[in-house]
1. Do you know which of the residues in the stretch A:181-227 that are within 14 Å of chain B (Cβ to nearest Cβ) and assigned to a loop (DSSP other than H, G, I, E, B) is nearest to the chain's Cα centre (by Cα)?
2. Could you tell me which numbered condition A:E367 fails, if it satisfies all but one of (1) farther than 19 Å from A:Y312 by Cβ; (2) modelled with pLDDT under 90; (3) crowded, with 16+ Cβ neighbours inside 10 Å; (4) within 36 Å of the chain's Cα centre (by Cα)?
3. Here is a list of conditions, (1) touching a helix residue (DSSP H, G or I) at 6+ places or on another chain (Cβ under 7 Å); (2) surrounded by 15 or more Cβ atoms within 10 Å (Cβ to Cβ), and A:L375 meets all of them except one; can you say which number that is?
4. Name the single residue, out of those in the stretch A:295-311 being among the hydrophobic types (A, V, I, L, M, F, W, C) and either more than 9 Å from every other protein chain (Cβ to nearest Cβ) or part of a loop (DSSP other than H, G, I, E, B) (or both), that is surrounded by the fewest Cβ atoms within 10 Å (Cβ to Cβ).
5. Within the group A:G237, A:G267, which residue is within 26 Å of the chain's Cα centre (by Cα), within 21 Å of A:V189 (Cβ to Cβ) and modelled with pLDDT under 80?
6. Which of (1) more than 12 Å from chain B (Cβ to nearest Cβ); (2) modelled with pLDDT under 70; (3) surrounded by fewer than 21 Cβ atoms within 10 Å (Cβ to Cβ); (4) touching a Pro at 6+ places or on another chain (Cβ under 9 Å) is the odd one out, the single condition A:E280 does not satisfy?
7. Is it the case that B:A58 is assigned to a helix (DSSP H, G or I) and not polar (S, T, N, Q)?
8. Note down all Cβ pairs under 8 Å where the first residue falls in the stretch B:3-30 and is facing another protein chain (nearest Cβ under 9 Å) and in a strand (DSSP E or B), the second is of a type in the set (S, T, Y) and crowded, with 20+ Cβ neighbours inside 10 Å, and they're at least six residues apart or on different chains.
Amino acid sequence: VSVPIRAALRRLAALVPGRARRDGEAGAHLPTRDELAASLRAADRLAAVGRLSRGLSHEINHPLAIVRANIEFAADELARGTSTVAEIRAALEEASAATLRIAQVVKDLSAFAREPGADPGPADLGAVIAQVVRLVHAELAARACVEVRVPEAPLLVRGSAQSLAHVLSRLVLDAASAYPPDLPLERAVVRVSAERRGAVVVVEVRDQGLPIPAEVLPHVFEPCFQAIAGFSSGTTGRGLGVSLSVCRDLVEAAGGALEVESGNPAGTTFTLRLPPASAEAPLRLRPPTAPPRPRERVLVVHEEPVALASLYRLLSDRFQVVPHTSPTHVLSLLGAGERFDALVCDLALREVEARAFHGGVRRSAPELASATVFLEAPSAPAPEWVRALPNPRVAGTSRRELVDAVTRRLARADPAPAARTPA
Amino acid sequence: MPHVTLLVVDDDPALLRTFARTFGKRHEVLAAESGADALHVLRARAIDVALVDYAMPAMSGVDLLRRMAVIHPDVGRVLLTAYADLPELAELKGAQLVSAILAKPWDVAEVDAAIARTFQLVTMRRAVRDMRSGVGPVE
């Protein structure tokens with residue numbers, strides 16, 4: 001776009017609020033200033049939903065695969081009669097759990113796309129950021145990763161959770177698009193942090209990608225600037241929303257401020273300064289899950305894939321479970337220096353006898369041998385050599401019993417394994 | 001359908017469980033939650049066909065498939081993806097990085113067909129390699 005046209009368009013854009021009817025004035029044909037602002041916000045939200053659509057297809061198709069495959073499995077097995085009732089029930093439970101994931105996606109999306117209205121807050125930033133990460137995660141999955149740093153305690157700010165989610169998702173998507181598409185994932189990191197600094201809560205969205213050009217930087221918050229300047233198709237790869245001015249308006253409506261710094265020396269940081277809400281204020285939005293903490297890696301060895309899958313089910317919401325059907329392979333992993341925090345070991349191994357396997361574990365990783373929980377079949381009580389060990393034995397698959405046994409073993413074992421693959 | 005050793009790689013345990021449940025009675029199914037875990041499994045086990053999810057944290061599915069093509073060329077490569085429309089994926093097939101691309105939610109018959117086709121390809125590739133090594137250097 002040539003400079004004179006751009007300048008003319010910018011002047012036109014600046015005129016728009018002035019032409020709008022002021023609230024309370026007579027005249028039916030012109031929208032009020034508030035209505036115009038609301039349509040601009042709505043257009044920006046829709047643009048953001050459009051940018052999320054690829055990721056949303058992933059967020060729905062993935063659990064749908066789990067739903068479909070498990071229902072088909074259950075139907076086939078009911079006809080064939082080769083599976084137990086427990087196996088079929090496990091499959092149906094798996095399908096049911098996956099439908100809840102789809103429901104959560106739809107809930108997040110509709111909360112995101114709705115006009116927030118006059119919600120004075122307070123909003124819990126931890127919960128808002130978690131919602132934003134859920135929304136954008138699939139969209140970013142193949143091109144950037146998001147690192148979040150928020151305090152564990154609720155961080156309450158004034159303003160609507162929905163508006164803040166709108167602003168943050170926009171900023172995170174923009175930050176990700178500042179990286180060239182072929183960059184390895186570990187180098188395309190978007191960092192989101194929130195903390196209280198004195199009398200304000202500061203949220204930062206940072207990237208190390210292509211900076212915003214110096215001549216563009218002073219204008220990024222101007223209404224319709226990006227649409228006019230061809231900013232999105234220009235040098236940075238950033239931005240497709242209507243305008244960052246919408247974001248700034250939303251932040252200012254919450255009594256905060258939005259600033260940007262870019263190119264010093266690389267990357268861009270958007271900073272939101274928000275007024276904290278008093279701790280006594282009612283909490284509108286609770287974190288959907290407990291704050292993430294590093295989970296212990298639990299190695300589970302069972303030769304039956306379906307039994308292994310059910311052990312997975314029992315343990316994976318508490319631990320980072322690494323399942324293996326091959327004890328020989330596990331021994332080679334341990335021999336190669338791979339480390340785990342605990343081991344759940346089936347006693348009915350065939351490839352290698354459980355006794356020889358556990359002996360192998362003791363040679364490569366003695367701390368893991370003591371952090372082992374044995375699984376005994378209800379019909380076959382544990383042999384003498386197992387009963388001579390202090391390790392706990394669990395029969396069947398009672399979830400609480402198994403989780404408790406692993407937790408107790410973890411508490412006894414050495415705290416820091418030598419080598420860990422990243423979670 | 002021959003009994004094939006499969007490695008399924010996905011960062012979602014629920015999907016791994018589902019896959020093992022669906023295909024575990026016909027094939028040996030091994031599971032890995034990440035690209036790094038998958039490489040461990042590949043070092044230790046003879047795998048016929050690996051089915052790799054596209055979007056995984058740390059090492060992406062495409063990164064893993066590229067590495068496999070170099071380190072384990074004898075293992076069949078199939079890509080799984082829940083993204084409805086990714087034009088760049090078609091190129092992977094064109095570049096012979098994968099023998100099939102399967103969309104989630106999958107159709108069991110389609111997965112079976114892809115596994116059978118890929119396994120056939122792998123068997124032929126192995127036979128050619130064995131013949132080559134059998135011929136030895138020409139004096």
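1. A:A188
2. Just one mismatch for A:E367, condition (2).
3. Only one criterion is unmet by A:L375, namely (1).
4. A:A307
5. On the way: A:G267 fails: modelled with pLDDT under 80.
Selected residue: A:G237, the only one of A:G237, A:G267 that is within 26 Å of the chain's Cα centre (by Cα), within 21 Å of A:V189 (Cβ to Cβ) and modelled with pLDDT under 80.
6. So A:E280 meets the others, but not (4).
7. Criteria not met by B:A58.
8. Note: pairs meeting the criteria are B:E28/A:T325; B:V29/A:T325; B:L30/A:T325.
The values are calculated or read from the model by the stated rules, or taken from the named source; none is laboratory data. Predicted, not measured: the structure shown is a model, and the values here were computed from it. Cβ coordinates were reconstructed from backbone atoms using ideal geometry, including for glycine residues, and neighbour counts include every protein chain displayed.
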